[in-house]
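Visitor: Have a look at this one before I ask anything.
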Amino acid sequence: MKKTLLILISSLILSVGSYAQKFAYVDTDYILNNIPEFNQAQDKLDEISKQWQEEIEAIYADVDKMYRDYQIQEVLLTDEMKKKREEAIIAKEKSAKDLQKKRFGPDGDLYGKRQELIKPLQDKVYDAIQQLAANSKYAVIFDSSSDLIMLYSNPNLDKSDKILKNMGYIGK
């Protein structure tokens, strides 16, 4: 009886061990930063963002100049002229805010450019990760660059360089 129970427990432990899941992790920030096209796209986005920011700042500078001129000339203006100048200042400031929202808002031009330039590269990395998972039979691959808290990670489980190699960016 004891022998049968021992064999049953042993076979149960061995069968559970054979169903063990394989885990790995990657650092997508590291992977993307080692792809030259990503760095070029990021530089282009930074350049576009800087140009748009300068454009908006120029409009705000105009608003500021208009307001200072208004303050200086206010005593010389009639009530009707004051009202027209105030409306012009408000309209100019509103156009600056609208442009800022159009360029940098949640669905703005910068978001669209980022989708156009960066998303294809992220998709390429994602596809390479999926291919690695399928080929190596990983049940789960974590991203160490995300909000996932990894208190300890074995460097042998980091497959970031393998992803870069599979994509052709290492070991050319």
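Visitor: Between residue 62 and residue 135, what is 0.36 nm times their sequence separation minus the Cα-Cα distance? Round to one decimal in nm.
Guide: Numbers: separation 73, 0.36 × 73 = 26.28 nm, distance 5.98 nm.
Residue separation times 0.36 nm, minus the Cα-Cα distance, leaves 20.3 nm.
Visitor: Given H placed on each backbone N at 1.01 Å, which residues far from residue 143 in sequence or on other chains put an amide H within less than 5 Å of it?
Guide: The answer is 26.
Visitor: Based only on Cα atoms, what Rg/Rh ratio does region 23-167 have, Rh being taken as Kirkwood's radius?
Guide: Dividing the radius of gyration by the Kirkwood radius yields 1.30.
Visitor: I would also like to ask the following. So how far apart, in nm, are the two label points at residue 46 and residue 73 if each is 7 Å from Cα heading toward Cβ?
Guide: 4.2
Visitor: Can I ask one more? What is the distance in Å between the Cα centres of region 35-93 and region 118-137?
Guide: Answer, in whole Å: 44.
Bear in mind that the values in this text are calculations on the coordinates, not laboratory data. All values derive from a computational prediction rather than experimental measurement. Positions of Cβ are backbone-derived with ideal geometry, glycine not excepted, and every protein chain shown enters the neighbour counts.
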